[in-house]
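The next block holds one structure in the form of structure tokens; read it before the comments.
Each value in this text was obtained by applying a stated rule to the coordinates, not by laboratory testing. None of these values were measured; they are calculated from a predicted model. Note that we place each Cβ from the backbone using ideal geometry, even for glycine, and neighbour counts take in every protein chain shown.
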Amino acid sequence: MTPEENFDKKDAQFLQRIIELNFNDPRCQTAIKYCFSVIASVVIMARIAGNNNS
């Protein structure tokens, strides 16, 4: 078996959670502004990819 065959969805979620817990964003969260078109594009692409989570 190749490593790709042994790597399942739970492993990916576990690694993502570790990264999220160890990553600190140094920016002031209240000063961050996002363009509406960028947010809309990300939402549309996520829906197309099959992400149905809120």
* Stretched out fully, how many nm does the piece from Lys10 to Phe23 gain, at 0.36 nm a residue minus the Cα gap? -> 2.7 nm
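Taking the highest mean first, how do the peptides 46-52, 26-32 order by number of other beta carbon atoms within 10 angstrom per residue?
Numbers: 46-52: 8.4, 26-32: 6.4.
So the peptides 46-52, 26-32, ranked by packing, come out 46-52, 26-32.
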* May I ask you to compute the full-extension gain from Thr30 to Val43, defined as 0.36 nm times their residue separation minus their alpha-carbon distance, rounded to one decimal in nm? => 2.5 nm
